[in-house]
1. If residue 229 meets every condition in (1) assigned to a helix (DSSP H, G or I); (2) out of contact with any Lys or Arg (no Cβ under 7 Å at 6 or more places or on another chain); (3) closer than 30 Å to residue 77 by Cβ apart from one, which number is that one?
2. What strands (runs of 3 or more DSSP E), lying completely within the stretch 87-189, carry at least 3 residues that are more than 24 Å from residue 206 (Cα to Cα)?
3. Return the residue satisfying two criteria in turn: it lies in the stretch 256-273 and is in a loop (DSSP other than H, G, I, E, B) and either among the β-branched types (Val, Ile, Thr) or in contact with a Leu (Cβ under 9 Å, 6 or more places away or on another chain) (or both), and of such residues it is modelled with the lowest pLDDT.
4. When the stretch 1-55 is examined, which residues are found to be in contact (Cβ under 8 Å) with a residue 40 or more places away in the chain, of a type outside the set (S, T, N, Q) and at negative phi?
5. Considering the stretch 72-107 alone, what residues qualify as being modelled with pLDDT of 65 or more and more than 20 Å from the chain's Cα centre (by Cα)?
6. For the stretch 191-246: of the residues being small (Gly, Ala, Ser) and either in contact (Cβ under 8 Å) with a residue 40 or more places away in the chain or under 20 Å from residue 139 (Cβ atoms) (or both), which is surrounded by the fewest Cβ atoms within 10 Å (Cβ to Cβ)?
7. Restricting to the stretch 242-255, name every residue that is in a helix (DSSP H, G or I), at pLDDT below 95 and under 24 Å from residue 132 (Cβ atoms).
Amino acid sequence: MCKQLGVLCSAYYKWINRTIPENEQEDMELAGIIKKYHQKYGGILGYRRMRMFINRNCNKNYNIKHIHRIMNILGIHAKIRRIRIGCTVSNKADQKVENLLHRNFEASAPNEKRTTDVTEFKVPHSTEKIYLCAFLDLYDRTIIAWAISNHKDNRLVQDTFHKAILQNPDAHPLFHSDRGYQYTSPMFRNKLKEYGMKQSMSRVASCIDNGVTEGLWGIIKTEMYQMYEIYDKGILIEAIRSYINFYNQQRYQARYHSKTPMEVRAEAMNMTKPKQYPIISDCI
């Protein structure tokens, strides 16, 4: 091998018996941690979140360039979800509620603004589908309540709403959704009025008006399928449950200074004036 590479045998043996420099030992240690986290989380961690996870969990202080360099050497990159372009155009007869949110996706405190939507999941090796409805708090991005059903109907949204009420009976947030029939139904709108909530709806053919919830669906569907092996309906439902718990309790976010949504929420609930977290364009 040395002859083919044009390297002296003495130089080779000197290299393999050398004392490994401290910075090289640190890089080797970091490379092992990165490989471990990449495998543990199914490849969903880019270099920014990889840094957050390692620094918090391992009590380190690596800078982002160091993490990025080692990940490039290892050929490790995050799984990036594809950008989808398209919107569902609702029935114009249901355009009775204004867009009060106006794409202002920041909130000054928990329970001030919430968004919601329904998304579908295809059951592997089957033509069957299941549907997930979730309520998201715009202050801390916590998934407040969620429900799964075999049908995309009013009952699914009503069940999610009741779970949210049970958890936060005194909350009276601005409630934003798209113009799906579940949200334009008189039953649902009357429920909002009953609990003192104002309703806001996206404009027709404007998916970005509910961009935070649409983004949540993209995150779940990209990361969940990387983290869990899903073979059937039962495993799919369990994977959704496990991922939502991971998202709320363990998924650190740069916008919240490497804290999870539930950590941010718990801190805010114990403060008379909750800390503000302005939206930064490159936060994940």
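The values are calculated or read from the model by the stated rules, or taken from the named source; none is laboratory data. The shown structure was predicted, so the numbers you read here are calculated from the model rather than taken from an experiment. FYI the Cβ positions are ideal-geometry reconstructions off the backbone, even for glycines, and counts take in every protein chain you see.
1. The number of the failed condition is (1).
2. In the stretch 87-189, 143-149 are the strands (runs of 3 or more DSSP E) which contain 3 or more residues that are more than 24 Å from residue 206 (Cα to Cα).
3. Among those residues, the one meeting the criterion is 272.
4. Those that are in contact (Cβ under 8 Å) with a residue 40 or more places away in the chain, of a type outside the set (S, T, N, Q) and at negative phi: 27, 30, 31, 34, 35, 41, 44, 46, 48, 49, 52, 53.
5. Those that are modelled with pLDDT of 65 or more and more than 20 Å from the chain's Cα centre (by Cα): 72, 73, 74, 75, 76, 96, 97, 98, 99, 100, 101, 102.
6. 196
7. The answer is 255, and nothing else.
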